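Below is one structure, written out as structure tokens; comments come after it.
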Amino acid sequence: MGRIIAIDYGTKRTGIAVTDELQIIASGLTTVDTKTLIPFLKEYIQKEKVEAMVIGEPKRMNNEASDVEADILRFRESVLKTFPDLKIIRQDERFTSKMAFQTMIDSGIGKKKRKNKALVDQISATIILQDYLYNK
């Protein structure tokens with residue numbers, strides 16, 4: 001069995017989370033500059049067996065796609081060209097940033113670290129992946 005990688009895509013930076021090889025536990029991996037996302041994924045997928053990618057699907061409350069969806073679709077196409085055998089899954093990501101911030105508060109992370117948006121993106125990716133694992 002391979003890992004599942006999750007992407008909380010942003011136009012500036014992207015949060016990344018992965019499962020263990022048994023696909024039981026979701027853990028935050030890192031946050032990368034979105035410009036370097038495909039090279040990062042190439043390097044990671046070369047080292048680790050990755051079976052699927054879960055990409056967050058940002059929606060508005062009325063179920064319409066958010067403004068960043070066009071960028072995400074372009075990213076998805078790049079992933080499909082670069083990794084043709086990789087299964088791509090979309091997962092609703094509404095409220096993940098708020099949940100990530102609350103998780104930081106609940107974990108006792110100080111106010112200064114909670115301002116670290118890269119950490120929020122990484123936790124958001126983990127929440128997206130946990131939701132996928134829970135509902136699959």
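At-a-glance table
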read-out: Sequence-distant residues sharing a close amide H with Val54 (under 5 Å, placed H); value: Ile5, Ala6, Ile7, Ile89
read-out: Karplus-derived 3J(HN,Hα), 6.51/-1.76/1.60, for each residue of segment 59-66, Hz, glycine and proline x; value: 10, 7, 4, 8, 6, 7, 5, 7
read-out: Packing-based ranking, highest mean first, of 27-40, 68-81 given that Cβ atoms within 10 Å are counted; value: 27-40, 68-81
read-out: Rg in Å to one decimal, and Dmax rounded to a whole Å, for the chain via C-alpha atoms; value: 14.2, 42
read-out: Signed unit charges on C-beta, dipole axis of segment 3-135, positive-most listed residue Gly10, Met61, Gln91; value: Gly10
read-out: Residues with amide H under 5 Å from that of Arg94, placed H, sequence gap 5 or more; value: Lys59
read-out: Formal net charge of residues neighbouring Thr34 (Cβ-Cβ distance under 12 Å; K, R +1; D, E -1); value: 0
read-out: In order through segment 31-37: 3J(HN,Hα) via Karplus (6.51 cos²θ - 1.76 cosθ + 1.60), integer Hz, x for Gly, Pro; value: 10, 10, 5, 4, 4, 9, 5
read-out: Over the chain: helical MRE at 222 nm, DSSP H runs n ≥ 4 each giving -39500 (n - 2.57), nearest 500; value: -13500 deg cm²/dmol
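Bear in mind that the values in this text are calculations on the coordinates, not laboratory data. Source: prediction; values computed, not measured. No Cβ is skipped: glycine too gets one built from the backbone with ideal geometry, and neighbour counts run over all protein chains shown.
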